[in-house]
């Protein structure tokens, strides 16, 4: 007896409209600066419909961060893969996603850093921001291991800190050269971490 095919459940159109509205408003104005009533009005749904899909504002914020995660993680991976099959080059290539993000109209920095600044540790929203950063760090560490880094954890931490710094700089000073400087710094870090040390350097310990 053959198994019944799985039924694909499409997201509610109203839910997607609410989430799209929240995505735009939260990123542009900040999470605290946007109330539920504004999202209901802008999305054109009834209050009952809103609370059916999102019982609390925090539920909506977490869904918003899930959506941002999908977009930003996808952009990072795409930029890395576009650099070619070499994991070391992918570690540098992922910084092209930074260049694209900072040039975008209405750019306001990293949505996760912004959300972390507006939430309390231990809350669902703050936990979601930490989960995102942890996942990115784990992915970069895996690439660093594949690239043959002597200390993959240290390299991954350095590169993700550089990535976050570039995201912040793009919002604070909007320096168009910042992403290229970050990428150049990443290239130097990867080269130093993955190249074979010279005998003299090994002798120095």
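The values are calculated or read from the model by the stated rules, or taken from the named source; none is laboratory data. Because the structure is a prediction, the values reported are computed rather than measured. Cβ coordinates were reconstructed from backbone atoms using ideal geometry, including for glycine residues, and neighbour counts include every protein chain displayed.
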Restricting region 158-168 to residues that are in contact (Cβ under 8 Å) with a residue 24 or more places away in the chain and farther than 25 Å from residue 58 by Cβ, the one surrounded by the most Cβ atoms within 10 Å (Cβ to Cβ) turns out to be 159
Considering only region 110-157, how many residues are in a loop (DSSP other than H, G, I, E, B) and either surrounded by 14 or more Cβ atoms within 10 Å (Cβ to Cβ) or in contact (Cβ under 8 Å) with a residue 40 or more places away in the chain (or both)? 9
Would you mind stating whether residue 62 is surrounded by 17 or more Cβ atoms within 10 Å (Cβ to Cβ), touching a residue at least 12 places away in the same chain (Cβ under 8 Å) and in the same structural domain as residue 126 (by TED's automatic domain parsing)? yes
Buried (at least 20 other Cβ atoms within 10 Å of the Cβ), in contact (Cβ under 8 Å) with a residue 60 or more places away in the chain and not assigned by TED's automatic domain parsing to the domain that holds residue 145: is that true of residue 95 in this structure? no
Please state which of the following conditions residue 28 fails to meet, knowing it meets all the rest: (1) under 13 Å from residue 125 (Cα atoms); (2) touching a residue at least 60 places away in the same chain (Cβ under 8 Å). (1)
